[in-house]
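A.B. asks: Take a look at the following structure, please.
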Amino acid sequence: MSAATSTTTASTLRTLRLMSGAIISAVVVLAVVVCVTTGFEAPPAWMYAVGPVLAGVGFALATLLGYRVTVAEPGLDPRQQALRSQTDFRIGHMLRIALAEAPAILTLVLCYVAQPPTALPYLIGLPFFLAALWWHVWPSEALITRVAQRIERSGAPSYLREGLHRPATIGSSLPHL
(Lines give C-alpha, C1' and ligand atoms only; values in the text may rest on other atoms or scores of the structure.)
Protein backbone atom coordinates (compact mmCIF):
# COMPACT_ATOMS: atom_id res chain seq x y z
CA MET A 1 0.00 0.00 0.00
CA SER A 2 1.49 3.33 -0.99
CA ALA A 3 1.72 6.32 1.32
CA ALA A 4 -0.82 8.23 -0.78
CA THR A 5 -3.32 5.40 -0.55
CA SER A 6 -3.01 5.01 3.23
CA THR A 7 -3.36 8.77 3.72
CA THR A 8 -6.56 8.86 1.68
CA THR A 9 -8.23 5.69 2.96
CA ALA A 10 -7.90 6.47 6.66
CA SER A 11 -9.24 10.01 6.56
CA THR A 12 -12.71 9.35 8.05
CA LEU A 13 -11.31 7.36 10.95
CA ARG A 14 -8.51 9.90 11.34
CA THR A 15 -11.09 12.69 11.58
CA LEU A 16 -12.96 10.81 14.31
CA ARG A 17 -9.71 10.23 16.19
CA LEU A 18 -8.72 13.88 15.91
CA MET A 19 -12.09 15.02 17.25
CA SER A 20 -12.06 12.41 20.04
CA GLY A 21 -8.52 13.36 21.04
CA ALA A 22 -9.51 17.01 21.28
CA ILE A 23 -12.51 16.19 23.47
CA ILE A 24 -10.49 13.93 25.77
CA SER A 25 -7.72 16.53 25.98
CA ALA A 26 -10.25 19.22 26.88
CA VAL A 27 -11.06 17.35 30.09
CA VAL A 28 -7.38 17.56 31.08
CA VAL A 29 -7.18 21.26 30.12
CA LEU A 30 -10.24 21.92 32.30
CA ALA A 31 -8.38 20.29 35.19
CA VAL A 32 -5.59 22.82 34.80
CA VAL A 33 -8.10 25.68 34.60
CA VAL A 34 -9.99 24.61 37.72
CA CYS A 35 -6.71 24.20 39.63
CA VAL A 36 -5.51 27.66 38.69
CA THR A 37 -8.82 29.41 39.33
CA THR A 38 -10.06 27.74 42.53
CA GLY A 39 -7.23 26.28 44.58
CA PHE A 40 -7.16 23.17 46.75
CA GLU A 41 -9.13 23.89 49.89
CA ALA A 42 -10.92 20.97 51.52
CA PRO A 43 -14.57 20.72 50.46
CA PRO A 44 -17.32 18.95 52.41
CA ALA A 45 -16.60 15.22 52.63
CA TRP A 46 -19.44 14.15 50.30
CA MET A 47 -17.93 16.16 47.42
CA TYR A 48 -14.97 13.79 47.16
CA ALA A 49 -17.30 11.09 45.81
CA VAL A 50 -19.13 13.26 43.26
CA GLY A 51 -16.65 12.84 40.38
CA PRO A 52 -16.28 9.05 40.56
CA VAL A 53 -20.03 8.53 41.12
CA LEU A 54 -21.02 10.78 38.21
CA ALA A 55 -18.37 9.15 36.01
CA GLY A 56 -19.85 5.75 36.87
CA VAL A 57 -23.35 6.96 36.00
CA GLY A 58 -22.09 8.45 32.71
CA PHE A 59 -20.24 5.23 31.90
CA ALA A 60 -23.35 3.15 32.57
CA LEU A 61 -25.57 5.44 30.48
CA ALA A 62 -23.07 5.42 27.61
CA THR A 63 -23.01 1.62 27.79
CA LEU A 64 -26.81 1.33 27.81
CA LEU A 65 -27.72 4.07 25.33
CA GLY A 66 -24.62 4.74 23.23
CA TYR A 67 -24.53 1.54 21.21
CA ARG A 68 -27.99 1.49 19.67
CA VAL A 69 -27.52 0.71 16.00
CA THR A 70 -29.51 -0.52 13.03
CA VAL A 71 -29.01 -4.25 12.48
CA ALA A 72 -27.43 -5.10 9.12
CA GLU A 73 -29.87 -6.31 6.48
CA PRO A 74 -28.90 -9.49 4.61
CA GLY A 75 -28.57 -8.81 0.89
CA LEU A 76 -28.17 -5.03 1.24
CA ASP A 77 -25.67 -3.45 -1.17
CA PRO A 78 -22.26 -3.31 0.57
CA ARG A 79 -21.85 0.43 -0.13
CA GLN A 80 -25.27 1.19 1.36
CA GLN A 81 -24.61 -1.01 4.37
CA ALA A 82 -21.19 0.60 4.90
CA LEU A 83 -22.80 4.05 4.78
CA ARG A 84 -25.57 2.99 7.19
CA SER A 85 -23.04 1.43 9.59
CA GLN A 86 -20.78 4.47 9.43
CA THR A 87 -23.74 6.77 10.11
CA ASP A 88 -24.85 4.66 13.09
CA PHE A 89 -21.29 4.69 14.41
CA ARG A 90 -21.08 8.48 14.18
CA ILE A 91 -24.47 9.05 15.81
CA GLY A 92 -23.59 6.67 18.65
CA HIS A 93 -20.17 8.27 18.93
CA MET A 94 -21.67 11.72 19.50
CA LEU A 95 -24.11 10.32 22.08
CA ARG A 96 -21.30 8.50 23.89
CA ILE A 97 -19.26 11.71 23.93
CA ALA A 98 -22.13 13.60 25.54
CA LEU A 99 -22.84 10.90 28.12
CA ALA A 100 -19.19 10.27 29.03
CA GLU A 101 -18.19 13.95 29.19
CA ALA A 102 -21.23 15.28 31.09
CA PRO A 103 -19.96 14.04 34.49
CA ALA A 104 -16.75 16.05 34.06
CA ILE A 105 -18.71 19.20 33.23
CA LEU A 106 -21.13 18.73 36.14
CA THR A 107 -18.26 18.15 38.55
CA LEU A 108 -16.50 21.24 37.19
CA VAL A 109 -19.58 23.35 37.90
CA LEU A 110 -19.77 21.89 41.40
CA CYS A 111 -16.13 22.89 42.02
CA TYR A 112 -17.02 26.53 41.40
CA VAL A 113 -20.25 26.63 43.42
CA ALA A 114 -18.75 24.80 46.40
CA GLN A 115 -17.87 26.79 49.49
CA PRO A 116 -14.95 27.18 49.42
CA PRO A 117 -14.38 26.77 45.64
CA THR A 118 -11.95 23.89 45.16
CA ALA A 119 -10.43 21.73 42.43
CA LEU A 120 -10.25 18.57 44.54
CA PRO A 121 -13.56 16.95 43.44
CA TYR A 122 -12.60 17.39 39.78
CA LEU A 123 -9.08 16.06 40.31
CA ILE A 124 -10.39 13.01 42.16
CA GLY A 125 -12.88 12.33 39.35
CA LEU A 126 -10.39 13.01 36.53
CA PRO A 127 -9.03 9.44 36.16
CA PHE A 128 -12.60 8.13 36.08
CA PHE A 129 -13.65 10.73 33.47
CA LEU A 130 -10.66 9.85 31.31
CA ALA A 131 -11.28 6.11 31.61
CA ALA A 132 -14.93 6.50 30.55
CA LEU A 133 -13.95 8.72 27.62
CA TRP A 134 -11.17 6.37 26.56
CA TRP A 135 -13.46 3.32 26.64
CA HIS A 136 -16.53 4.85 24.97
CA VAL A 137 -15.18 7.69 22.81
CA TRP A 138 -11.72 6.91 21.45
CA PRO A 139 -12.36 5.08 18.11
CA SER A 140 -9.97 2.21 18.76
CA GLU A 141 -10.16 -1.13 17.00
CA ALA A 142 -11.85 -2.56 20.10
CA LEU A 143 -14.61 0.09 19.99
CA ILE A 144 -15.11 -0.42 16.25
CA THR A 145 -15.35 -4.18 16.85
CA ARG A 146 -17.94 -3.70 19.63
CA VAL A 147 -20.13 -1.55 17.38
CA ALA A 148 -19.65 -3.84 14.36
CA GLN A 149 -20.72 -6.87 16.41
CA ARG A 150 -23.94 -5.11 17.40
CA ILE A 151 -24.66 -4.18 13.78
CA GLU A 152 -23.94 -7.73 12.61
CA ARG A 153 -26.37 -9.42 15.02
CA SER A 154 -28.42 -10.71 12.05
CA GLY A 155 -25.38 -12.43 10.58
CA ALA A 156 -25.08 -9.97 7.68
CA PRO A 157 -21.78 -8.06 7.35
CA SER A 158 -21.74 -4.44 8.53
CA TYR A 159 -18.84 -3.17 6.37
CA LEU A 160 -18.22 -0.70 9.20
CA ARG A 161 -14.43 -0.81 8.90
CA GLU A 162 -14.66 -0.24 5.15
CA GLY A 163 -16.98 2.71 5.75
CA LEU A 164 -14.69 4.26 8.35
CA HIS A 165 -11.64 3.87 6.15
CA ARG A 166 -13.21 5.74 3.23
CA PRO A 167 -12.31 9.37 2.67
CA ALA A 168 -14.50 11.82 4.57
CA THR A 169 -16.80 13.82 2.31
CA ILE A 170 -19.82 16.04 2.83
CA GLY A 171 -21.93 13.28 1.30
CA SER A 172 -20.65 10.69 3.77
CA SER A 173 -21.30 13.07 6.64
CA LEU A 174 -24.88 13.90 5.59
CA PRO A 175 -26.20 10.65 4.07
CA HIS A 176 -29.88 11.35 4.69
CA LEU A 177 -30.08 14.78 3.02
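The values are calculated or read from the model by the stated rules, or taken from the named source; none is laboratory data. Values in this document were obtained by computation on a predicted structure and should not be read as measured data. As a convention, Cβ positions derive from the backbone with ideal geometry for all residues, glycine included, and neighbour counts pool all protein chains shown.
A.B. asks: Output the residues belonging to region 84-139 that are in a loop (DSSP other than H, G, I, E, B), modelled with pLDDT under 95 and among the polar types (S, T, N, Q).
C.D. replies: 115
A.B. asks: Whether any residue in region 95-118 is under 20 Å from the mean Cα position of the chain (by Cα), of a type outside the set (D, E, K, R) and over 29 Å from residue 35 (Cβ atoms) is what I want to check.
C.D. replies: Yes, some residue in region 95-118 is under 20 Å from the mean Cα position of the chain (by Cα), of a type outside the set (D, E, K, R) and over 29 Å from residue 35 (Cβ atoms).
A.B. asks: Can you tell me which residue within region 70-99, out of those that are within 30 Å of residue 126 (Cβ to Cβ), among the aliphatic types (A, V, I, L, M) and in contact (Cβ under 8 Å) with a residue 40 or more places away in the chain, is surrounded by the most Cβ atoms within 10 Å (Cβ to Cβ)?
C.D. replies: For region 70-99, the residue satisfying everything is 99.
A.B. asks: Any residue in region 6-31 that's within 18 Å of residue 88 (Cα to Cα): show its pairings with residues that are assigned to a helix (DSSP H, G or I) and at pLDDT below 95 at Cβ separation under 6 Å, as long as the two are six or more apart or on different chains.
C.D. replies: 12/164; 13/164
A.B. asks: Within region 141-163, which residues are closer than 20 Å to residue 65 by Cβ and without any contact (Cβ under 8 Å) to a residue 12 or more places away in the chain?
C.D. replies: Within region 141-163, 142, 143, 145, 149 meet the criteria.
A.B. asks: Working only within region 36-61, note down all residues that are surrounded by fewer than 12 Cβ atoms within 10 Å (Cβ to Cβ) and not in a loop (DSSP other than H, G, I, E, B).
C.D. replies: 36, 37, 45, 46
A.B. asks: Then there is this: Looking at region 123-153, which of the residues that are of a type in the set (A, V, I, L, M) and surrounded by fewer than 16 Cβ atoms within 10 Å (Cβ to Cβ) is nearest to residue 27 (Cα to Cα)? Before you say what the answer is, go through the steps one by one.
C.D. replies: We begin by selecting, within region 123-153, every residue of a type in the set (A, V, I, L, M); these are 123-124, 126, 130-133, 137, 142-144, 147-148, 151.
Imposing the further condition that a residue be surrounded by fewer than 16 Cβ atoms within 10 Å (Cβ to Cβ) reduces the set to 131, 142.
On the way: 131: 11, 142: 22 Å.
This residue is 131.
A.B. asks: Tell me which of these residue 67 doesn't satisfy, since it passes every other one: (1) in a helix (DSSP H, G or I); (2) of a type in the set (Phe, Trp, Tyr); (3) surrounded by 13 or more Cβ atoms within 10 Å (Cβ to Cβ).
C.D. replies: (1)
A.B. asks: Please verify whether residue 20 is on the phi < 0 side of the Ramachandran plot and either modelled with pLDDT under 95 or of a type in the set (Phe, Trp, Tyr) (or both), treating the condition exactly as stated. Lay out the reasoning, then the answer.
C.D. replies: Numbers: on the phi < 0 side of the Ramachandran plot: yes; either modelled with pLDDT under 95 or of a type in the set (Phe, Trp, Tyr) (or both): no.
Here the answer is no, as residue 20 does not meet what is asked.
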